[in-house]
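Novice: Pasting in a structure now, in structure tokens, and then I'll have a few things to ask.
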Amino acid sequence: MAAVFSGFIVIWLIIGAGFLIGRFGLLGAESRVVLSRVAFFVASPCLLFTTVADASLHEVLGPQFLIAALGAFATLIVGLLLNRLIAARRTGGERMIGGMSSSLVNSANLGFPIAAYVLGDVAFAAPIVMFQLALYTPIYVIAMDWLTGGQSSRARVRPAPRTAVLRSIGQSLMNPMIIGAILGVVFSWQDWSFPGPVRESIETVAGASIPLMLLSFGLSLVGSRPLDKKAGRRRDVALSSLLKLVLHPTLAWVFAHLVFGLDGHDLLAAVVMASLPSAQNVLVSAIRYETGEVIARDTVLVTTVLAIPAMIGVSALLM
């Protein structure tokens, strides 16, 4: 338990450093964007590649992958049903954003650090990253295209279902994280490895991923003011946050323990990964489709602030 708390302290200290850097403007106004892009396009794909390449396919695509999928889809369905009852006047796009906010986790910016410092192995983050990038992302992109007609200030025409599917698959395959993951799967499957200097270079760049993500995360907290009464979405945010922090981890425990028979550290890993806060990708999608932006932004911030205390509670209960 002491090691778990120590891991959380390390994470908070680096996040705090990022917040102070942003608060005092030490790196300029674009620092968060720059750090995030370096982490997303360069360092994190390297980290995912080395992690998956060194793991067995069973570890990446085994029970943890299935638990992540079942927990996320079950939470999404409950979220959509409750949003339909509680916020009946919302559009289908807004309800989908609410459901995504409660079921799509921040597997990159916080998933890797939590897996490394709290669970002791970055490999625990690989299955949920694979699930969200390879399976969940194409599904919710297609759903949002269908619910909103693909609308934005630049496009108002509903794409044909086949076009939406092909576009979503193409976008997913071009994602740097999924490219790193697929290459890692191939190298693990074939038992390949790069020559020593090449591998060492990749591992060195991968080592920058977690610090960059945590610093960027700290920077993103500067100036945030959630739950503005004038926005009129407090109820939606409260529901999505509650589902994210309580229902999603609970369902993960049910599937992991009662369905797959996991216990000990593997059970802890499944529940902690499900306890991660809402993914910032939800806000990106809300902005893209011009719907549910307030719900996405505020849910991401609320769950981000409360997720680590929630994960500490989960760790205390399961250890």
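Novice: Can you name every residue in region 284-301 that is of a type in the set (A, V, I, L, M) and either buried (at least 23 other Cβ atoms within 10 Å of the Cβ) or outside any helix (DSSP H, G or I) (or both)?
Specialist: Of everything in region 284-301, those that are of a type in the set (A, V, I, L, M) and either buried (at least 23 other Cβ atoms within 10 Å of the Cβ) or outside any helix (DSSP H, G or I) (or both) turn out to be 286, 295, 296, 300.
Novice: Which numbered condition in (1) free of Cβ contacts under 8 Å to residues at least 40 places away in the same chain; (2) within 17 Å of the chain's Cα centre (by Cα) is the only one that residue 88 fails?
Specialist: Unmet for residue 88, out of (1) free of Cβ contacts under 8 Å to residues at least 40 places away in the same chain; (2) within 17 Å of the chain's Cα centre (by Cα): (2).
Each row is one residue, and each column tells you yes or no for (1) outside any helix (DSSP H, G or I); (2) not hydroxyl-bearing (Ser, Thr, Tyr).
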| site | (1), (2) |
| --- | --- |
| 74 | no, yes |
| 78 | no, yes |
| 81 | no, yes |
| 89 | yes, yes |
| 94 | no, yes |
| 97 | no, yes |
| 101 | no, no |
| 124 | no, yes |
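Novice: To continue, here is another question. Touching a Phe, Trp or Tyr at 6+ places or on another chain (Cβ under 7 Å), farther than 18 Å from residue 120 by Cα and surrounded by fewer than 21 Cβ atoms within 10 Å (Cβ to Cβ), is that true of residue 57?
Specialist: yes
Novice: Quick check on residue 40: is it over 24 Å from residue 209 (Cβ atoms), part of a helix (DSSP H, G or I), under 20 Å from the mean Cα position of the chain (by Cα) and of a type outside the set (Gly, Ala, Ser)?
Specialist: Criteria not met by residue 40.
Novice: In region 63-80, is there at least one residue being touching a strand residue (DSSP E or B) at 6+ places or on another chain (Cβ under 9 Å) and either more than 16 Å from residue 278 (Cα to Cα) or not basic (Lys, Arg) (or both)?
Specialist: Yes, region 63-80 has at least one match.
Novice: Same structure, new question: Name every residue in region 86-102 that is surrounded by 19 or more Cβ atoms within 10 Å (Cβ to Cβ) and polar (S, T, N, Q), in order of residue number.
Specialist: 101, 102
Novice: Something else now. Is it fair to say residue 76 is farther than 30 Å from residue 183 by Cα, within 21 Å of the chain's Cα centre (by Cα) and without any contact (Cβ under 8 Å) to a residue 60 or more places away in the chain?
Specialist: no
Novice: Please pick out the residue among 51, 137 that is over 22 Å from residue 246 (Cβ atoms), surrounded by fewer than 24 Cβ atoms within 10 Å (Cβ to Cβ), touching a residue at least 40 places away in the same chain (Cβ under 8 Å) and touching a helix residue (DSSP H, G or I) at 6+ places or on another chain (Cβ under 8 Å).
Specialist: Step by step, each of 51, 137 is checked, and only 137 is over 22 Å from residue 246 (Cβ atoms), surrounded by fewer than 24 Cβ atoms within 10 Å (Cβ to Cβ), touching a residue at least 40 places away in the same chain (Cβ under 8 Å) and touching a helix residue (DSSP H, G or I) at 6+ places or on another chain (Cβ under 8 Å).
Novice: Has region 23-33 got at least one residue that is part of a helix (DSSP H, G or I), in contact (Cβ under 8 Å) with a residue 24 or more places away in the chain, among the basic types (Lys, Arg) and surrounded by fewer than 21 Cβ atoms within 10 Å (Cβ to Cβ)?
Specialist: Yes, some residue in region 23-33 is part of a helix (DSSP H, G or I), in contact (Cβ under 8 Å) with a residue 24 or more places away in the chain, among the basic types (Lys, Arg) and surrounded by fewer than 21 Cβ atoms within 10 Å (Cβ to Cβ).
Novice: Name the single residue, out of those in region 68-87 being closer than 10 Å to residue 243 by Cβ and hydrophobic (A, V, I, L, M, F, W, C), that is modelled with the lowest pLDDT.
Specialist: So the residue we want is 82.
Novice: Hey, another quick one. For region 261-283, what are the residues that are of a type in the set (Gly, Ala, Ser), in a helix (DSSP H, G or I) and surrounded by fewer than 23 Cβ atoms within 10 Å (Cβ to Cβ)?
Specialist: The answer is 264, and nothing else.
The values are calculated or read from the model by the stated rules, or taken from the named source; none is laboratory data. Values in this document were obtained by computation on a predicted structure and should not be read as measured data. So basically every Cβ, Gly included, is an ideal-geometry build from the backbone, and we count neighbours across all protein chains shown.
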